[in-house]
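*Asks:* Take a look at the following structure, please.
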Amino acid sequence: MTEYSMAFRANMVKKLMVPGGPTASALSARSGISQPTLSRWLRDARDGGMSSPSKPPEMRVPRRPGEWKSEEKLRIVVESDGLEGDALGELLRREGVHEADLAEWKRTVLSALGPSAKAQPGSGEARRIRELERELLRKDKALAETAALLVLKKKVGEYWGDEDDATKKETEK
């Protein structure tokens, strides 16, 4: 069994934690270290069981989804608003957040703000709502037209009477 230095382990964990970085399987194929070993190192780093002098102190280890408080999530979502590229990557590394988690938190925040935040003009959801409203209006018009035709048919029948009875009486005579 090969012993690896803490600096080497920290370097491998750092590669695994980079947002959009390689998976443990991919890194295993490149480095020759088994995937379970890399996964264990990552798990140990998340649990705080492995400290490394080469790891910068401002970089946090990503937490599991249930370990974040709502206030922390909201703070990070607000801080990330308007950031792109390197600035966003720096924030994600500093906070120990994966980009996918941040995107999910943003969706949750927007959905909590109500319908006005959900269906913004130009979004696919707003377009779908407009299409459904248009279809509903068309169906309402068709229903009103059908009701008007039924009323008209009833009135014509009352005015002219039942033609079948009158025709039979005249032919019998």
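*Asks:* Considering only 97, 109, 77, whose Cα is most displaced toward the positive end of the charge dipole of the stretch 65-118, charges sitting on Cβ of Lys, Arg (+1) and Asp, Glu (-1)?
*Replies:* Working it through, the farthest residue towards the positive pole turns out to be 109.
*Asks:* So for the pair residue 5, residue 23, with labels modelled 7 Å out along Cα→Cβ, what separation do we get in nm?
*Replies:* A separation of 3.1 nm, rounded to one decimal place.
*Asks:* Can you list the residues, at least 5 places off or on another chain, whose amide H is less than 5 Å from the amide H of residue 96, using H built in the peptide plane?
*Replies:* When sequence neighbours closer than 5 places are left aside, the close amide H contacts are 60.
*Asks:* So how do 85-98, 125-138 stack up, highest first, on mean other-Cβ count within 10 Å?
*Replies:* 85-98, 125-138
*Asks:* Using θ = phi - 60° and the Karplus form 6.51 cos²θ - 1.76 cosθ + 1.60, what ³J(HN,Hα) does each residue of the stretch 133-148 get, whole Hz, x for Gly and Pro?
*Replies:* Karplus-based 3J(HN,Hα) across the stretch 133-148 equals 5, 4, 5, 4, 4, 4, 5, 4, 5, 5, 5, 5, 5, 5, 4, 5 Hz.
*Asks:* I'd like the FRET efficiency for residue 67 and residue 127, computed as 1/(1 + (r/R0)^6) with the beta carbon distance as r and R0 of 30 Å, rounded to 0.05.
*Replies:* 0.20
*Asks:* Rounded if a/c is under 1.5, else prolate if a/b is larger than b/c, else oblate: which is the stretch 65-118, with a ≥ b ≥ c the root eigenvalues of its Cα gyration tensor?
*Replies:* oblate
A short reminder: the numbers here are calculations on the coordinates, not readings from a lab. The structure displayed is predicted, hence computed values, not measured ones. A quick note on method: Cβ atoms are made from the backbone with ideal geometry, for glycine too, and the neighbour counts reach across all protein chains shown.
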